[in-house]
1. Which one of Arg288, Arg198, Arg242, Arg278 is open to solvent by less than 40 Å² (accessible area, probe 1.4 Å) and in contact with a strand residue (DSSP E or B) (Cβ under 9 Å, 6 or more places away or on another chain)?
2. Here are the criteria: (1) hydroxyl-bearing (Ser, Thr, Tyr); (2) in contact with a helix residue (DSSP H, G or I) (Cβ under 9 Å, 6 or more places away or on another chain); (3) touching a residue at least 60 places away in the same chain (Cβ under 8 Å). Tell me which single one Ser305 does not satisfy.
3. Against the definition (over 30 Å from Leu38 (Cα atoms) and of a type in the set (Asp, Glu)), how does Glu225 come out, yes or no?
4. Would you be able to tell me the number of residues in region 170-182 that are open to solvent by 40 Å² or more (accessible area, probe 1.4 Å) and under 18 Å from the mean Cα position of the chain (by Cα)?
5. Take region 6-17 and flag every residue that is surrounded by 13 or more Cβ atoms within 10 Å (Cβ to Cβ) and under 26 Å from the mean Cα position of the chain (by Cα).
6. Out of (1) away from the ligand (no atom under 16 Å from the Cβ); (2) in contact (Cβ under 8 Å) with a residue 40 or more places away in the chain; (3) in contact with a Ser or Thr (Cβ under 8 Å, 6 or more places away or on another chain); (4) hydrophobic (A, V, I, L, M, F, W, C), the odd one out for Leu21 is which?
7. Can you tell me which of Phe114, Phe137 is in contact (Cβ under 8 Å) with a residue 40 or more places away in the chain, touching an Asp or Glu at 6+ places or on another chain (Cβ under 6 Å) and over 30 Å from Leu301 (Cα atoms)?
8. Counting just the residues of region 383-394 that are open to solvent by 40 Å² or more (accessible area, probe 1.4 Å) and not in a loop (DSSP other than H, G, I, E, B), which one comes out nearest to Arg116 (Cα to Cα)?
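The values are calculated or read from the model by the stated rules, or taken from the named source; none is laboratory data. Nothing here was measured: the structure is a model prediction, and the numbers come from that model. Neighbour counts run over all protein chains shown; Cβ positions are idealised from the backbone, glycine included. Calculation scope for accessible area: heavy atoms of the full protein, side chains included, ligands and nucleic acids excluded. Shrake-Rupley method; radii C 1.70, N 1.55, O 1.52, S 1.80 Å.
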Amino acid sequence: MSALTTAAPGAAVVDLDLAKLRRDPYPAYAELRRTAPLAWVPSIGRHLLTRYEDIVRAEKLPEVFSSREQGSLLLRTVGPNMLREDDPEHRRLRAAAEPPTRPRQVRDLWADAFERTAHELLDRIEGRGEADLIADFAEPLAAANLALVLGLRNASADDIADWSRAMMAGNGNYADDPDVWLRAEQATRAIEEAVAERAEAVRREPDGSVISSMVHAAEPVEVAEIQNNVKVIIGGGVNEPRDVFGVGAWALLQRPETLGKVLKDPASWKRVFEETARWISPIGMYPRQLTEDYEIAGVTLPAGSRVALVIASGNRDESVFERADEFDLDRPHRPHLAFGGGPHFCMGAWVARHEVSAIAWPLVFSRLKGLRLVADQDDRMDGWVFRGLTSLHVTWQAP
Ligand code: HEM
């Protein structure tokens with residue numbers, strides 16, 4: 001089924017300025033939820049679905065809301081992969097890749113190494129008394145942890161972070177910039193080589209990693225499939241943990257009373273994680289394509305229609321989360337949508353939860369004494385497809 005690139009009959013057409021959306025998408029989303037919960041946005045070339053209940057409904061119908069969107073930039077950048085497949089193809093790849101990311105494996109196989117890396121990064125900056133916690137800590141930590149879980153011993157944290165940036169730029173290359181494609185292709189070739197080398201090694205000696213799990217899967221997986229799935233995981237597994245770390249730390253540093261309570265009750269770091277991911281969702285939206293005609297939010301979408309599930313908006317839906325724009329650790333528990341839902345529910349959720357809420361935040365706040373924000377820095381929130389702080393400048397009393 002080829003994708004329809006026009007509005008469904010009867011859908012509201014709403015012009016959104018992408019530059020404005022990058023700066024702060026939330027006012028536009030609030031307006032859409034109120035007046036046009038399913039709207040065709042020409043600058044995005046998709047219908048945006050913005051209310052919580054509608055997004056949840058779509059997630060529960062993967063046979064109608066297919067992940068196999070035609071002509072997506074992600075497919076062009078990394079090739080076919082589990083994120084853009086439907087079952088049963090998706091299930092085969094996911095079952096092969098997932099075991100090393102389950103809670104028990106995270107605890108037993110990876111947690112100690114995550115913690116060692118976090119200490120090493122803090123050893124490097126502690127004496128300085130100042131840092132950008134995004135560039136100097138959160139990004140290298142997320143990249144090193146990802147290399148470990150994937151099984152890419154032959155790649156450094158810097159390689160992973162560079163490849164991730166190059167592929168993210170490819171996925172967002174709506175302007176068709178040839179330099180962006182060139183960098184993305186260089187990154188994907190380098191990943192292919194690294195994966196092929198490790199796949200060969202773990203065939204003889206399994207090591208518990210994602211690559212190893214895919215090589216030894218019950219249902220066979222080709223090396224090319226492992227390569228593409230590793231690409232998609234590198235493309236998405238660095239920035240989201242980094243961004244949730246940055247936004248959560250920033251929110252707490254601006255709320256000393258809340259921070260004080262959290263420091264007295266370490267179990268509450270888990271709540272900080274879930275509330276941060278709800279409040280500023282690291283992934284703001286993702287695409288689906290209709291396999292048949294389907295009515296949702298008062299509009300019948302024809303087969304082939306392109307829809308974006310705007311989880312960042314669902315996570316601010318006032319009918320589900322009271323005072324949804326506020327960061328509030330005491331709000332009543334309602335499941336947020338930041339990890340998606342249905343068969344594609346984030347495979348790295350437990351990796352991200354552990355590295356950020358059990359390791360990164362507790363270590364940063366205990367080792368960097370008197371941590372505070374630097375007032376005159378331009379630490380901005382940026383993005384709507386992906387959203388987070390571009391930097392997080394802090395100071396503390398150097399020992
Ligand atoms: C706070 C951190 C993270 C957030 C908010 C997040 C969010 C998401 C979301 C929303 C999806 C669903 C996308 C869709 O349905 O189209 C997803 C899928 C996925 N995520 Fe994450 N992610 C995070 C961290 C990670 C990490 C660290 C890894 C790797 C270890 C990872 C690996 C994956 C994979 C492989 C999928 C595809 C699953 C499938 O298709 O079955 N994620 N993630």
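1. Values: Arg198 fails: in contact with a strand residue (DSSP E or B) (Cβ under 9 Å, 6 or more places away or on another chain); Arg242 fails: open to solvent by less than 40 Å² (accessible area, probe 1.4 Å); Arg278 fails: in contact with a strand residue (DSSP E or B) (Cβ under 9 Å, 6 or more places away or on another chain).
On inspection, the qualifying residue turns out to be Arg288.
2. (2)
3. Numbers: over 30 Å from Leu38 (Cα atoms): yes; of a type in the set (Asp, Glu): yes.
Spelling it out, Glu225 is indeed over 30 Å from Leu38 (Cα atoms) and of a type in the set (Asp, Glu).
4. Of the residues in region 170-182, the ones open to solvent by 40 Å² or more (accessible area, probe 1.4 Å) are 172, 174-179, 182.
Now narrow it down to the ones that are under 18 Å from the mean Cα position of the chain (by Cα): 172.
Looking only at that region, the number is 1.
5. We begin by selecting, within region 6-17, every residue surrounded by 13 or more Cβ atoms within 10 Å (Cβ to Cβ); these are 6-8, 11-12, 14, 16.
Selection gives Leu16 alone.
6. (3)
7. Working: Phe137 fails: touching an Asp or Glu at 6+ places or on another chain (Cβ under 6 Å).
The match here is Phe114.
8. Checking each candidate, the answer is His393.
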